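Quick notes on the structure that follows.
The values are calculated or read from the model by the stated rules, or taken from the named source; none is laboratory data. All values reported here derive from a predicted model rather than from experimental measurement. Virtual Cβ from ideal backbone geometry, glycine too; neighbours counted across all protein chains shown. Ligands, DNA and RNA are excluded from the accessible area calculation, which covers all protein heavy atoms including side chains. Shrake-Rupley method; radii C 1.70, N 1.55, O 1.52, S 1.80 Å.
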Amino acid sequence: MEKRYGAFAALDGVDLDVARGEVVALIGPSGSGKSTLVRCVNLLETYDGGSVEVDGIAVRDDRHLARVRAEVGMVFQQFNLFPHMSALRNVALAPVRVRGLSWPEATARAEALLERVGLRAHQHKRPGQLSGGQQQRVAIARALAMQPELLLFDEPTSALDPEMVQEVLDVIQDIARTGATLLIVTHEMSFARKVADRVVFMEQGRIVEIAPPETFFTNPATDRARAFIHTATRGRGGMSA
Ligand code: ADP
């Protein structure tokens with residue numbers, strides 16, 4: 001598929017299939033098109049050529065917007081929670097509005113999900129009363145509450161203080177183990193290595209390499225990937241974990 005901003009090709013001949021139950025990590029230098037790619041999958045961006053399909057739904061234009069948004073969840077760098085609502089209501093809202101659940105049904109589901117992300121004790125707090133890591137865990141619970149076919153993460157830990165990164169990665173890893181289909185843009189290399197079934201390495205709007213993480217990180221096929229891995233893992237505790 002293709003995506004241009006004016007004459008600039010943000011995505012150029014990108015071809016990627018994600019299987020049901022697969023966890024795919026999208027990595028690459030800043031500006032390589034990772035965010036643009038995931039935003040095209042849930043119609044936050046339109047695209048100029050090619051096609052995107054999610055579970056047989058053509059993700060093309062506004063006609064498909066409601067269906068796409070119901071089936072494709074997204075977790076953003078900046079949580080994007082409703083500030084005036086409790087954590088519980090943030091998580092329960094969309095299942096009521098979009099899936100037609102009753103408030104008691106949606107609340108029960110939200111409580112179970114907040115339990116799962118370790119926040120049941122904080123469910124009545126508003127986002128402003130929670131740490132960044134806690135807010136992001138609420139945002140993940142909110143995305144899961146819709147029981148999406150596909151869950152997108154766009155740098156979910158980039159806005160967090162370092163000490164909160166791990167708690168969010170742990171939650172994502174837990175979700176990955178449940179057989180969910182995840183497409184994750186991340187700069188956390190050891191996380192990508194541990195959790196992903198495949199790593200997709202992008203540069204300048206193109207996919208340069210797709211490989212299982214062990215292969216990618218220990219024996220990348222291209223010099224560009226090798227240079228990226230070297231830079232991305234330097235000074236970050238290396239590749240351990
Ligand atoms: P990444 O997520 O890999 O950092 P992005 O997908 O955010 O990369 O951006 C890819 C390229 O597209 C970058 O060069 C960026 O400057 C450009 N770009 C992204 N959004 C816009 C926009 N709204 N208008 C113009 N250029 C954009």
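Overview of results
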item: Filtered residues of segment 15-30 (kept if open to solvent by 10 Å² or more (accessible area, probe 1.4 Å) and either of a type in the set (F, W, Y) or in contact (Cβ under 8 Å) with a residue 24 or more places away in the chain (or both)); result: D15, L16, V18, A19, R20, G21, E22, P29
item: Residue check for A66: open to solvent by 60 Å² or more (accessible area, probe 1.4 Å) and closer than 28 Å to A92 by Cβ; result: yes
item: Residues of segment 176-192 satisfying the condition of being surrounded by fewer than 20 Cβ atoms within 10 Å (Cβ to Cβ), in contact (Cβ under 8 Å) with a residue 24 or more places away in the chain and over 13 Å from the mean Cα position of the chain (by Cα); result: G179, S190
item: Pairs, first among the small types (G, A, S) in segment 204-216, second open to solvent by less than 40 Å² (accessible area, probe 1.4 Å) and away from the ligand (no atom under 16 Å from the Cβ), C-beta under 8 Å, six or more apart; result: A211/P220
item: When residues of segment 155-193 are limited to those that are among the hydrophobic types (A, V, I, L, M, F, W, C) and in a loop (DSSP other than H, G, I, E, B), the one nearest to T36 (Cα to Cα); result: A159
item: Residue selected from segment 133-167 under the condition under 12 Å from the mean Cα position of the chain (by Cα) and closer than 16 Å to L114 by Cβ, by the criterion most open to solvent (accessible area, probe 1.4 Å); result: L144
item: Unmet requirement for R193, which otherwise passes all of (1) within 20 Å of E22 (Cβ to Cβ); (2) out of contact with any Pro (no Cβ under 9 Å at 6 or more places or on another chain); result: (2)
